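Take a look at the structure below.
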Protein chains: 2
Amino acid sequence: MELGDLLTPALVVDEGRMTRNIDRMRRRVSELGVSFRPHVKTCKSLEIARRLMPTPRGPITVSTLKEAEQFFAHGVTDVLYAVGIAPSKLAHVGDLRARGCDLSAILDSVDAARAVTSFCAARRCEIPVLIEIDSDDHRGGVKPESPALLTIAGALRDGASVRGVMTHAGASYACRSTDAIVAMAEQERAAVVRAAERLRQAGFDAPVVSVGSTPTATFARTLSGVTEVRTGVFVFQDLVMAGLGVCAVDDIALSVLVSVIGHQREKGWILTDGGWMAVSRDRGTARQATDRGYGLVLDADGGLLEGFVMSDANQEHGIVSRGDGGPIDWAGFPVGARLRILPNHACATAAQHAAYHVINGSCEVLAQWDRFGGW
Amino acid sequence: MELGDLLTPALVVDEGRMTRNIDRMRRRVSELGVSFRPHVKTCKSLEIARRLMPTPRGPITVSTLKEAEQFFAHGVTDVLYAVGIAPSKLAHVGDLRARGCDLSAILDSVDAARAVTSFCAARRCEIPVLIEIDSDDHRGGVKPESPALLTIAGALRDGASVRGVMTHAGASYACRSTDAIVAMAEQERAAVVRAAERLRQAGFDAPVVSVGSTPTATFARTLSGVTEVRTGVFVFQDLVMAGLGVCAVDDIALSVLVSVIGHQREKGWILTDGGWMAVSRDRGTARQATDRGYGLVLDADGGLLEGFVMSDANQEHGIVSRGDGGPIDWAGFPVGARLRILPNHACATAAQHAAYHVINGSCEVLAQWDRFGGW
């Protein structure tokens with residue numbers, strides 16, 4: 001089967017590019033001398049997770065208990081659920097652990113710590129916890145010097161234990177230079193290392209010191225004191241990562257195959273059947289130096305169409321046009337022609353689809369890999 | 001079961017509000033003296049479509065052949081596929097028609113018309129076609145006065161027939177006043193009526209004259225010459241529609257239930273487990289007079305929390321804060337508390353979920369209705 005045989009829109013992954021992305025991140029993490037706990041929220045695919053994980057049992061990072069459940073069902077037992085635990089999810093966490101999944105949770109408040117402790121005491125079970133550290137004012141976490149850090153650790157008892165600390169320097173996505181990412185990586189490292197130090201001084205073991213974002217992992221000079229790295233989007237890369245200098249545009253392994261369905265020549269528009277339902281509403285590059293609209297455009301053979309962008313989207317309609325105002329050779333875009341859209345944000349685009357169509361540098365479709373969604 | 005028993009994030013629909021929205025649109029369409037062909041791309045749910053459709057056999061409008069297939073499997077036979085037909089999809093269209101689904105297609109070019117004619121000639125089958133009219137410079141379609149209109153109609157032969165014309169005044173979403181929507185509705189009406197007139201003068205039957213957008217259908221003064229209205233988002237309404245004055249905020253029937261997972265008090269942030277995966281990346285109100293962020297915020301009982309917005313989103317994290325800078329009574333938002341987010345764009349938010357949890361004015365969960373996605 002060829003890409004030309006697929007119904008559109010369809011999600012395409014180039015396995016060669018993906019493998020190179022994985023190899024590059026593995027080398028990076030290895031050079032930095034830390035463990036690798038890939039984040040599978042980007043792929044949500046068993047086939048891809050198998051290529052990412054250090055061993056068939058993990059470790060992995062997940063963003064939902066659905067991911068934990070799905071990967072555990074296929075033998076993955078070392079799982080970090082890296083979203084602050086909601087008390088109503090503790091029963092599910094306890095159930096996964098009772099079935100043999102070494103799932104750890106994160107939290108950043110005394111209230112959440114008390115909820116975990118109460119749950120563990122009532123159920124006579126154990127839940128290891130990483131305390132979330134705020135290294136960049138981006139979302140959750142306690143500051144490394146905050147008195148709350150030790151209060152939270154102290155509130156974890158009766159089966160709830162302090163496994164360590166974690167942070168995610170999500171603010172790295174908004175950096176404007178490599179130097180800024182290097183500095184952010186050091187800020188991320190220093191924050192969790194300091195937090196771990198304080199916990200250990202106070203008598204807590206805190207063996208795990210976990211960081212992770214694709215930009216900071218790519219440019220960190222050292223991860224001294226850190227024990228593991230969590231990254232996700234690197235597996236596919238995307239235009240936001242390319243805009244940050246984390247990858248080149250031709251490292252991007254994910255694209256959405258679309259068909260030309262019409263034209264508005266006087267406006268310079270090529271209409272396609274790939275709208276925001278197929279590429280997502282993510283406009284991550286709008287905040288970067290170069291706005292890529294809803295994505296850059298490849299021809300049917302995967303060649304970059306210089307100057308073209310997907311400039312607008314309705315639910316099932318995309319508009320492809322020249323972002324640079326140049327002329328369009330309309331004969332190259334007949335009704336029925338195939339194009340491929342490189343996404344702003346791979347996590348968001350992949351989430352709009354139920355399967356990956358796998359190629360490797362050509363138009364031959366080698367496999368179809370399922371992906372799941374939901375919670 | 002109560003909303004408090006659901007795992008979060010979860011999609012919630014208030015059946016009472018939805019029923020009132022449906023009744024209101026039905027009355028409108030009836031007053032306007034035209035047929036109603038609801039667009040099921042918003043709900044993608046059999047339970048909801050049954051409440052929308054004039055009869056169990058339809059008619060409906062769909063945005064994907066997956067929708068056509070799913071609803072046809074449950075007895076719906078009168079279906080308009082309202083995205084310009086890609087030639088590669090003709091086999092599926094032909095197959096649905098051969099199985100008894102009266103599916104019509106749309107197109108706006110001679111090339112597409114020739115593709116349909118060739119397909120019908122080769123397969124000895126019939127495909128009725130609506131020619132898409134551009135009434136608002138928004139996406140596809142030919143202008144009503146364009147010579148192309150008659151050329152396209154003339155290219156439909158050998159089983160491919162001109163069933164009529166259709167347009168969608170998507171530009172109505174960007175109107176800044178009710179008067180502007182009234183004017184847009186008239187522009188939409190006049191464009192298709194004129195196109196139908198030209199086709200009929202040229203000897204084509206063109207019995208169907210189809211318009212539709214929730215804003216224009218809500219405010220149209222007359223639909224003289226139009227035969228049917230297609231609207232979709234009215235079933236749930238949303239903040240974009242409220243910003244347009246099409247509905248009130250408390251008409252919005254769709255929301256996403258989330259849990260509080262933490263706080264950043266010095267920043268005025270309440271963190272939740274509902275990120276963009278749960279509410280979508282749609283920021284439709286950013287272009288309106290009042291930007292609602294990722295949505296307005298209800299308390300656990302459905303009361304509007306005045307002044308609060310969902311101000312930012314990561315994949316599985318939402319940030320709720322005061323959009324108006326007012327103080328927060330933190331005791332009202334403990335870890336584990338439930339909130340509900342009213343969406344910018346119901347089509348995009350619903351698409352992130354596999355089921356609706358149905359309530360009716362209270363917190364009791366009365367039913368769960370499946371929804372589907374994909375193509």
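The values are calculated or read from the model by the stated rules, or taken from the named source; none is laboratory data. If you're wondering where the values come from, they're calculated on a predicted model, not measured in any experiment. Cβ: placed from backbone, ideal geometry, glycine included. Neighbour counts: every protein chain shown. These accessible areas exclude ligands, DNA and RNA; they are computed on the full protein's heavy atoms, side chains included. Shrake-Rupley method; radii C 1.70, N 1.55, O 1.52, S 1.80 Å.
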Accessible-area composition of segment B:1-78, carbon plus sulfur, in percent [1.4 Å probe]: 48
Restricting segment B:41-150 to GluC sites (Glu not before Pro) in coil, as DSSP defines it, with at most 16 other Cβ within 10 Å: B:Glu126, B:Glu145
Listed residues B:Ile328, B:Ile359, B:Ile60, most fluctuating in chain B (Gaussian network, C-alpha, under 10 Å): B:Ile328
Computed accessible area, B:Leu6, all protein chains, 1.4 angstrom probe, square angstrom: 10
Surface per residue (accessible, 1.4 Å probe) for the protein assembly as shown, Å²: 35
Where the Cα pairs of segment A:1-143 fall when distances are cut into 5 Å bins, in %: 2, 9, 16, 17, 17, 15, 11, 6, 4, 2, 1, 0
Highest-first arrangement of A:78-87, A:33-42, where packing means the average Cβ count within 10 Å: A:78-87, A:33-42
Loop-located trypsin sites (Lys or Arg not before Pro) in segment A:161-242 whose Cβ has at most 14 other Cβ within 10 Å (DSSP): A:Arg176, A:Arg221
B:Ala367 long-range amide H proximity, modeled H, under 5 Å: B:Val358
Percent RCO, i.e. relative contact order, over segment B:1-111, from Cα pairs under 8 Å lying at least 6 residues apart: 18
Segment A:64-157: C-alpha gyration tensor shape, a/c 1.5 cut-off, then a/b vs b/c: oblate
Sulfur and carbon atoms: percent of accessible area, segment B:108-200 [1.4 Å]: 49
Heavy atoms of A:Ser259 accessible to a 1.4 Å probe, total area in Å² rounded to 10: 0
Inter-copy separations for B:Asp158, label at 7 Å along Cα-Cβ, nm, ascending: 7.9
Inter-chain shielding of A:78-91 (mean C-beta neighbours from other protein chains, 10 Å cut-off): 5
Span per principal axis, largest first, for the Cα atoms of chain B (Å): 71, 42, 34
For B:Thr222, inter-copy label distances in nm, listed shortest first [label point 7 Å out on the Cα-Cβ vector]: 8.1
Helical contribution to [θ] at 222 nm, DSSP H n ≥ 4, -39,500 (n - 2.57), averaged over the protein assembly as shown, rounded to 500: -8500 deg cm²/dmol
Minimum Cβ-to-axis distance in chain B for the rotation onto chain A, with residue, whole Å: B:Arg281, 2
Shielding score for A:3-11, defined as the mean number of other chain Cβ atoms within 10 Å: 2
Neighbour-limited loop hits for GluC sites (Glu not before Pro), segment B:196-273 (at most 11 other Cβ within 10 Å; DSSP other than H, G, I, E, B): none
Convex hull volume per residue in cubic angstrom - Cα atoms of the protein assembly as shown: 144
Residue with peak Gaussian network fluctuation, chain A [Cα springs, cutoff 10 Å], from A:Gly284, A:Gly295, A:Gly100: A:Gly100
Solvent-accessible ranking of A:Asp108, B:Asp158, largest area first, probe 1.4 Å: B:Asp158, A:Asp108
Over segment B:266-310, volume per residue of the alpha carbon convex hull, in Å³: 105
Centroid-to-centroid separation of segment A:296-329 and segment A:112-146 [C-alpha atoms, Å]: 46
Fraction of antiparallel bridges per DSSP, segment A:259-375 only, in percent to nearest 5: 95
Debye intensity ratio in log₁₀ form over the Cα atoms of segment B:269-363, taken at each q of 0.18 Å⁻¹: -0.83
Exam field: A:Pro207 pseudo-label spacings to other copies (7 Å along Cα-Cβ), nanometres: 7.6
Area of B:Glu31 that stays accessible when all protein chains are in place (1.4 Å probe, Å², to 10): 130
